[in-house]
Amino acid sequence: MIFKNSIEVEQLSWAFVQLLMDNELNHKANVALGQLPVLTELFERPYYQSNEAKPFVDQLPYTIMSEPFSQSSDVANILLQHYSRVVLKNEITAEMAVESASEQAKKIFAH
């Protein structure tokens with residue numbers, strides 16, 4: 001978020017946002033952190049088309065930004081753990097991850 005400030009601070013803020021939106025920087029960060037791409041320009045890269053990542057990447061066009069509610073971080077952690085088990089550790093299949101994450105998320109929302 002960029003707030004009204006001096007011209008210099010606003011320009012530096014926009015430069016920082018542009019840096020964060022750089023395709024190469026985003027890709028490097030995603031690889032290092034085991035994250036899915038947020039930039040659609042990255043979807044077709046080989047890294048995101050691997051057997052492990054593709055099922056998740058294919059679902060991104062159907063996702064919506066999470067609403068700010070108290071359980072959102074808990075659900076995000078569940079998804080990240082399952083994504084990691086599929087993509088980084090190759091412990092379970094994508095289908096198993098979706099099923100397990102779904103069941104865990106349902107329990108959070110039941111309370």
Between the Cα axis of helix 72-83 and the main Cα principal axis of the chain, the angle (0 to 90°, nearest 10) is 70
Residue-ordered couplings for the stretch 47-52, obtained by feeding phi - 60° into the Karplus form 6.51 cos²θ - 1.76 cosθ + 1.60 and rounding to whole Hz (Gly and Pro as x), are 4, 8, 9, 5, 4, 6
Per residue, accessible area of the chain with a 1.4 Å probe, heavy atoms of protein chains only, in Å², comes to 75
Expressed as a percent, the accessible surface of the chain that is carbon or sulfur, using a 1.4 Å probe and the full set of protein chains, is 60
Going residue by residue through the stretch 16-30, the Karplus relation 6.51 cos²θ - 1.76 cosθ + 1.60 with θ = phi - 60° gives ³J(HN,Hα) values, rounded to whole Hz and with x marking Gly or Pro, of 5, 4, 4, 4, 5, 8, 5, 4, 5, 5, 4, 4, 4, 5, 4
Restricting to Cα pairs under 8 Å and 6 or more apart, the percent relative contact order of the chain works out to 17
For the pair Ala105 and Glu44, the simple spin-label estimate (label points 7 Å beyond Cα toward Cβ) gives in nm 2.8
Under the helix-only model (-39500 (n - 2.57) for each DSSP H run of 4 or more, divided by the residues of the chain), the mean residue ellipticity at 222 nm, to 500 deg cm²/dmol, is -16500 deg cm²/dmol
Number of Lys pairs in the chain closer than 30 Å at Cα, excluding neighbours under 8 places apart unless interchain, is 7
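The values are calculated or read from the model by the stated rules, or taken from the named source; none is laboratory data. All values reported here derive from a predicted model rather than from experimental measurement. Glycine also receives a Cβ, built like all others from the backbone with ideal geometry; neighbour counts cover every protein chain displayed. Areas reflect the complete protein model, heavy atoms only, side chains present, ligands, DNA and RNA absent. Shrake-Rupley method; radii C 1.70, N 1.55, O 1.52, S 1.80 Å.
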